[in-house]
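The values are calculated or read from the model by the stated rules, or taken from the named source; none is laboratory data. Note that this is a predicted model, so its numbers are computed, not measured. Please note: Cβ atoms are built from the backbone with ideal geometry, for glycine as well, and neighbour counts cover all protein chains shown. Calculation scope for accessible area: heavy atoms of the full protein, side chains included, ligands and nucleic acids excluded. Shrake-Rupley method; radii C 1.70, N 1.55, O 1.52, S 1.80 Å.
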Amino acid sequence: MTSKTLSPTRRQALAGAAATLAAAKALLPSGAFAAGPGPEVAKARLGFIALTDASPLIIAKERGFFAKYGMPDVEVLKQASWGGTRDNLVLGSGGGGIDGAHILSPMPYQFTAGVNTGGKLVPMNILARLNTNGQGISVGNDLKAVKVGLNSAGAKAKFAQLKAAGNTAKVAMTFRGGTHDLWVRYWLAAGGINPDTDVSTIVIPPPQMVANMKAGTQDAFCVGEPWNAQLINQKVGYTACLTSEIWMNHPEKCLGVRADWVAKYPRAAQALTMAVMEAQMWCDKQANRPAMCSVVSGRQYINVPMGDILPRLQGTVDFGDGRAVKGSPHIMKFWADNASFPFKSHDLWFVTENVRWGVLPQSTNKMALVNKVNRSDIWRASAKALGVAAPASDSRGPERFFDGKVFDPANPAAYLASQPIKKLA
């Protein structure tokens, strides 16, 4: 997408991002907290998974933003899977693990509640959202014949046949109760397919999705980019839908840090947040995206050809089934439209969906959990220090989904009741 094809709103957003970045540099010429004491420590160990939406952490390291805010020794460490990220967060850096991570937004809530951690309570804080949009649901080429797209209903009869033959369809996601699990479950359920009884949902690490589809061990998957694009480039399957078609501008990954680390090093937590925010501004500028991809596609990071990453970041989407779009509004956002702000209303949706699918118990005090984990106050303090605007509210208000459902954060119980397919615990 060239500058000529940018909408006025998009052009203004990019110009605004550049202006705020310049303002931030002018505000903090010495590179740290010029107006007060610097961070308590110079080091933190942060994990990431090989996904495009890890770019803010990678760029914050590579372009020196962590160093700029007084933390030159931050390590950005590749993790093999979300389960591996979880295990290293349970350990903490003191036990040879990590302090925080590029992480699926529901995971800090699960860990704080002692879910998916072997019962061990691992309190976490969310300091920033890392991105909105940028995920996809991919299917094998054999589903083209039944026109499986945003509407999953075409797969219902085929999946029923597979189950009757004793070969239940396998739908892969990346972590139980994580974002990809929730997107693919929402998509299946909206088409009348029960993800707990009509198919088998399996956990596969993101970088292994394409290889598993090629081997014929799964029928569909939901994952972040660049793996959906790579599937098409290797002609193994196609993109049924982009997750932002299910929910436009949906929240995705976050910067999650152990709560004990944040409590011990509050100024360092703000320094990490500021560095990541500045990286998000930089990544969100279309002019910087080729340079961003040249860095994050490297062997030590995502380790794929640039052609698997860049087009979709520029709004060029080849779905792999004859549909092709240029100038798509369904691009990954790192900063525009408050993409970085950790709205509590979004986290309430994640917690509600984890209740819907039995990951968290119905007895969960959802808002109390959100208030414990979500540190929008640190984001707001960071924004003030950077001289950038913060949203007026911690809620983005009611959210609308492609099937007509509405999530009103003021009444999550009504949303839950409106969903005919669920598995409450």
* Give the stretch 186-234 a look and list any residue that's in contact (Cβ under 8 Å) with a residue 24 or more places away in the chain, part of a loop (DSSP other than H, G, I, E, B), of a type outside the set (Asp, Glu) and over 22 Å from Ala164 (Cβ atoms), or say none. => Ile204, Pro205, Pro226, Gln234
* Cys293 passes all but one of (1) of a type outside the set (A, V, I, L, M); (2) assigned to a helix (DSSP H, G or I); (3) surrounded by 16 or more Cβ atoms within 10 Å (Cβ to Cβ); (4) in contact (Cβ under 8 Å) with a residue 60 or more places away in the chain; which number fails? -> (4)
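Suppose the filter is at pLDDT below 95 and among the polar types (S, T, N, Q); does Gln135 pass it?
So Gln135 fails the test.
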* **Residues of the stretch 72-87 classified as touching a Leu at 6+ places or on another chain (Cβ under 8 Å) and in a helix (DSSP H, G or I), total** => 1
* **Near pairs, Cβ below 8 angstrom, 6+ apart or cross-chain, from the stretch 258-284 (farther than 17 Å from Ser93 by Cα) to any residue that is of a type in the set (D, E, K, R)** => Arg267/Glu40; Ala275/Lys68; Glu278/Lys68; Ala279/Arg63; Trp282/Arg63; Cys283/Arg289; Asp284/Lys333
* Asked: Got at least one residue in the stretch 72-91 being at pLDDT 95 or above, in contact with a helix residue (DSSP H, G or I) (Cβ under 8 Å, 6 or more places away or on another chain) and on the phi > 0 side of the Ramachandran plot?
  -> no
* Single unsatisfied condition, Met292 versus (1) within 26 Å of Tyr186 (Cβ to Cβ); (2) in contact with a Phe, Trp or Tyr (Cβ under 8 Å, 6 or more places away or on another chain) -> (1)
* Among the numbered conditions (1) modelled with pLDDT of 95 or more; (2) of a type outside the set (Lys, Arg); (3) open to solvent by 10 Å² or more (accessible area, probe 1.4 Å), tell me where Val122 comes up short. => (3)
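Matching residues to (1) assigned to a helix (DSSP H, G or I); (2) closer than 27 Å to Ala54 by Cβ; (3) open to solvent by 10 Å² or more (accessible area, probe 1.4 Å); (4) among the polar types (S, T, N, Q):
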| site | (1), (2), (3), (4) |
| --- | --- |
| Asp142 | yes, no, yes, no |
| Ala145 | yes, no, yes, no |
| Leu150 | no, yes, yes, no |
| Ala157 | yes, no, yes, no |
| Lys163 | yes, no, yes, no |
| Val171 | no, yes, no, no |
| His180 | yes, yes, no, no |
